[in-house]
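Before any comments, here is the structure.
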């Protein structure tokens with residue numbers, strides 16, 4: 001059965017959340033948005049492509065920073081309304097220079113920084 005990006009459940013803005021996970025370590029790296037064209041581009045090129053809501057433009061991860069994501073596996077959740085992209089991550093995944101975007105924890109009502117930027 002061939003895959004059609006139009007069969008996914010997008011929100012009212014035509015977007016679907018995509019969680020990026022390191023294919024080797026299993027670490028959750030980031031969450032961003034895709035539309036049907038970004039899904040198709042990701043599957044065709046194997047370079048993970050997102051939709052930037054702030055810029056209203058496609059964003060190929062690492063296009064300007066060099067910190068690319070190479071697609072290893074593309075998965076759909078059971079409701080078809082969220083994606084999991086397993087990637088080979090080259091360089092930090094977060095625009096702050098950290099390995100992932102989930103570097104802040106809330107513990108005992110305090111925010112704690114778990115990871116410093118990679119230098």
- Message: So I have (1) 6.7; (2) 8.9; (3) 9.7, and one of them is mean projected area of the Cα convex hull in nm² calculated from this model. Which one is it?
- Response: (2)
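Order by neighbour count: 55, 98, fewest other Cβ atoms within 10 Å first, most last.
Working: 55 8, 98 19.
Exposure proxy ranking, most exposed first: 55, 98.
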- Springs between alpha-carbon atoms under 10 Å, Gaussian network over the chain: tell me which of 14, 91, 62 tops the mean-square fluctuations. 14
- Message: Please check: in the Gaussian network model of the chain (C-alpha springs, under 10 Å), which one of 73, 22, 12 has the largest mean-square fluctuation.
- Response: 12
- Grab the Cα-Cα distance for residue 88 and residue 65, subtract it from 0.36 nm times how many residues apart they are, and report the gain in nm with one decimal. 6.7 nm
- What full-extension length gain, to one decimal in nm, is calculated for residue 2 and residue 108 as 0.36 nm per residue of separation minus the Cα-Cα distance? 33.3 nm
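What is the order of 10, 50, 103, fewest Cβ neighbours within 10 Å to most?
On the way: 10 18, 50 25, 103 15.
With the sparsest Cβ surroundings first, the list reads 103, 10, 50.
Rule-based calculations on the coordinates, nothing more; no lab input. Since the structure is predicted, the reported quantities are computational estimates derived from the model, not experimental observations. Virtual Cβ from ideal backbone geometry, glycine too; neighbours counted across all protein chains shown.
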